[in-house]
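Here's the structure we're looking at; comments come further down.
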Amino acid sequence: MSKILIRAMILPMTGPEDFYPEGEIALEGDRILSVGPNGSAPAGFVPDRILELPNDVVMPGLINAHTHAAMTMLRSYADDLPLMPWLQEKVWPFENKLSDEDIYWGTLLALAEMIQSGTTTMLDMYSGMNRVGDAVLEAGTRAVLSRGMIGNAPNGEKALREQIDLFERYHGAGDGKIRVMFGPHAPYTCSGEYLQRVKAEADRRGAGINIHLCETRDEINTINKQQGKTPVQWLNDLGIFEGHVVAAHCVHLTEQDMNILAEKKVAVAHNPESNMKLNSGTAPIPELLAKGIVVGLGTDGASSNNNLDLFGEMRSAAFQQKLRKDTTVLPAYQVLEMATVQGAKALGYQDVGMLAPGYKADLISINFDQPHFYPRFSIPAHLVYVAHAGDVRTMMVNGTFIMEERKLLTLDVKRICQEVEERAKRIANG
């Protein structure tokens, strides 16, 4: 196994006070051996390579807790519309024309963008997910994949079969870098019977559930009219919350809803920029955190954002809640936790999201030797309020370098961009 020593400023995300201005990380294979000040590597550790990054901050890779990667194909195609017209009149008709190969290339574009902006892990929901799995294996990143299933659609049964096939083919693939969850789209697109069948199939395989929940007031009104209760209460009564569940958005929640999510240990994927762009509302994030609910951070798809930059998402998440509540809520370090530690917990990882002995060697470095990072009063504040995608210099996943000096080592970015441009324009004009 290769041994690597990285010397840099280190923010391990193991606690608000933990920071090594002159630190080092010792890596062996896909794991972290030690993290600490210079000279803290284990006695007798002889690295095969020493990476000197004295002006970089090294931190855990970012975790995108909710996205639809292949929707890069629709970037800037359907802007400035409310959610349902956006979906029904623009997005779904476009998606109906997507082939699995289109989805593969759209996913590769998303992965290239995420790598260059510091995201090492994503939770993805879409169709054509076998080709999404292929793209992830090619990129070398970490991912949790789910087949989005609209139970009320004519292909609802086919989607469930494809979800099962996805699990059997890809769960544990890529030396364990790929995991699979089951992805019923939302309460308003699936019947109760269908949701329970999906849950049963997931339980049979020990898989979790990834679902959109309480994103818009229209959803709340629809479910209340149909079921006489909120979507959270309805899913709880159906037994969907028994086990590992990641609920995306969770914008419109009652106090009872939040108590149910806390009691059932449902993790929330917060998507502030998508929620703002689609006028869905502002999720009650401080209230969720106060109840002990795990909250990760997501970008949603590139057609409702329109980028996959989690640094921008962190800034938006913080500012949105400060506007909604007061300036003290969501301090910078807490937002960083949502993009790393909490994101890992949301996705069910126990060895990702921090730089600590025994954890996976998933890390990024940010080039701090730039004017916008001076003076350095607070590294966490700079990362949340100042940093952007272009500041990421290096990425490692599972102990393997994926990007160095902003050069992607696993993907042909030029070819990916050309393929997506041609395919997206052909679909839009077809």
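The values are calculated or read from the model by the stated rules, or taken from the named source; none is laboratory data. Owing to the predicted nature of the structure, the values given are computational and were not obtained by experimental measurement. Here the Cβ is made from the backbone with ideal geometry for all residues, glycine too, and neighbour counts use every protein chain on show.
Name the strands (runs of 3 or more DSSP E) wholly inside region 181-289 in which the number of residues that are farther than 19 Å from Asn152 by Cα and under 20 Å from the mean Cα position of the chain (by Cα) is 3 or more.
Working: elements: 209-213, 245-249, 267-270.
So the answer is 245-249, 267-270.
Between Ala389, Ala381, Ala332, which is in the same structural domain as Leu261 (by TED's automatic domain parsing), on the phi < 0 side of the Ramachandran plot, touching a helix residue (DSSP H, G or I) at 6+ places or on another chain (Cβ under 7 Å) and of a type outside the set (S, T, N, Q)? The conditions single out Ala332. Counting only residues that are surrounded by fewer than 20 Cβ atoms within 10 Å (Cβ to Cβ) and assigned to a strand (DSSP E or B), region 27-41 holds 6 of them.
Counting the residues of region 68-109 that are farther than 18 Å from Gly148 by Cα and either in contact with a Cys (Cβ under 6 Å, 6 or more places away or on another chain) or among the polar types (S, T, N, Q) (or both) gives 1. Scanning region 362-392 for residues that are crowded, with 22+ Cβ neighbours inside 10 Å and either within 25 Å of Gly29 (Cα to Cα) or in contact with a Gly (Cβ under 9 Å, 6 or more places away or on another chain) (or both) turns up Asp362, Leu363, Ile364, Ser365, Ile366, Ala387, Asp391, Val392.
Okay, residues lined up against (1) touching a strand residue (DSSP E or B) at 6+ places or on another chain (Cβ under 9 Å); (2) surrounded by fewer than 18 Cβ atoms within 10 Å (Cβ to Cβ); (3) not assigned by TED's automatic domain parsing to the domain that holds Val245:
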| site | (1), (2), (3) |
| --- | --- |
| Ser280 | yes, no, no |
| Glu287 | no, yes, no |
| Ser303 | no, no, no |
| Asn306 | no, no, no |
| Gly312 | no, no, no |
| Arg315 | no, no, no |
| Thr327 | no, yes, no |
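In the list His244, His252, which residue meets the criterion of being buried (at least 21 other Cβ atoms within 10 Å of the Cβ) and within 28 Å of Thr121 (Cα to Cα)? Give the derivation first.
Details: His244 fails: buried (at least 21 other Cβ atoms within 10 Å of the Cβ).
From the options His244, His252, the qualifying one is His252.
Under the condition of being touching a residue at least 60 places away in the same chain (Cβ under 8 Å) and touching a strand residue (DSSP E or B) at 6+ places or on another chain (Cβ under 6 Å), the residues counted in region 172-192 number 4.
In region 412-428, the residues that are in a helix (DSSP H, G or I) form Cβ pairs under 6 Å with partners that are surrounded by fewer than 18 Cβ atoms within 10 Å (Cβ to Cβ), at six or more places apart or across chains, as follows: Ile427/Lys97. Say whether the condition of being outside any strand (DSSP E or B) and buried (at least 16 other Cβ atoms within 10 Å of the Cβ) is met by at least one residue in region 401-408. So far as region 401-408 goes, no, none of its residues is outside any strand (DSSP E or B) and buried (at least 16 other Cβ atoms within 10 Å of the Cβ). Scanning region 17-49 for residues that are in contact with an Asp or Glu (Cβ under 9 Å, 6 or more places away or on another chain), touching a residue at least 40 places away in the same chain (Cβ under 8 Å) and under 30 Å from Pro371 (Cα atoms) yields a single hit, Val35.
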